[in-house]
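Read through the structure below, which is laid out as structure tokens, and then see the notes.
The values are calculated or read from the model by the stated rules, or taken from the named source; none is laboratory data. Keep in mind that this is a model prediction, so the values were computed, not measured. Neighbour counts are summed over all protein chains in view; Cβ atoms, including those assigned to glycine, are modelled from backbone coordinates with ideal geometry.
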Amino acid sequence: MGMERTITFSDEPPTWPSIVAKLTAAGHAVQMRMIDNMPAFPDEEPDLGWRELRVSLGAGMITLRHDANQIRVIVWGNADGTTLAHQEAIANACSSDS
């Protein structure tokens with residue numbers, strides 16, 4: 001069972017490079033694991049139309065699902081404290097206006 005944070009946008013959601021830039025500025029190193037159900041290199045960037053990403057900030061796997069005007073940031077229900085903190089960091093990077 002997963003736990004998710006949903007970020008809804010009235011305009012366009014942020015691009016993946018802008019999310020990564022915010023995470024990097026906050027001291028997190030993002031490693032890509034999968035793009036739309038296909039294995040990916042750790043530094044690979046998805047196309048603009050991505051639907052699902054699986055990433056790691058060093059602990060656990062976090063899934064991002066992009067649907068129309070929202071991004072859902074999902075972790076498994078047994079996620080440890082570090083993975084939950086990384087989920088929160090990704091959700092903040094997705095929702096931040098700066």
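How about the range 56-69: which of its residues are of a type in the set (S, T, N, Q), out of contact with any Asp or Glu (no Cβ under 8 Å at 6 or more places or on another chain) and at pLDDT 95 or above?
Residue satisfying the conditions is Ser56 alone.
Does at least one position in the range 65-76 carry a residue that is farther than 17 Å from Ile7 by Cβ, surrounded by fewer than 18 Cβ atoms within 10 Å (Cβ to Cβ) and of a type in the set (Gly, Ala, Ser)? Looking for residues that are farther than 17 Å from Ile7 by Cβ, surrounded by fewer than 18 Cβ atoms within 10 Å (Cβ to Cβ) and of a type in the set (Gly, Ala, Ser), one finds none in the range 65-76, hence no. Within the range 30-44, residues that are among the basic types (Lys, Arg) sit with their Cβ atoms under 7 Å from residues that are assigned to a strand (DSSP E or B), at 6+ positions apart or across chains, in these pairs: Arg33/Arg54; Arg33/Val55; Arg33/Ser56. Pull up the range 33-52, narrow it to residues that are more than 11 Å from Trp16 (Cα to Cα) and surrounded by 15 or more Cβ atoms within 10 Å (Cβ to Cβ), then point me to the one that is farthest from the chain's Cα centre (by Cα). Among those that are more than 11 Å from Trp16 (Cα to Cα) and surrounded by 15 or more Cβ atoms within 10 Å (Cβ to Cβ), it is Ala40. Scanning the range 42-81 for residues that are among the aromatic types (Phe, Trp, Tyr) and part of a strand (DSSP E or B) yields a single hit, Trp76.
Give the residues of the range 1-19 that are outside any loop (DSSP other than H, G, I, E, B) and in contact with a strand residue (DSSP E or B) (Cβ under 9 Å, 6 or more places away or on another chain), sorted by residue number. Residues satisfying the conditions are Gly2, Met3, Glu4, Arg5, Thr6, Ile7, Thr8, Trp16, Ile19.
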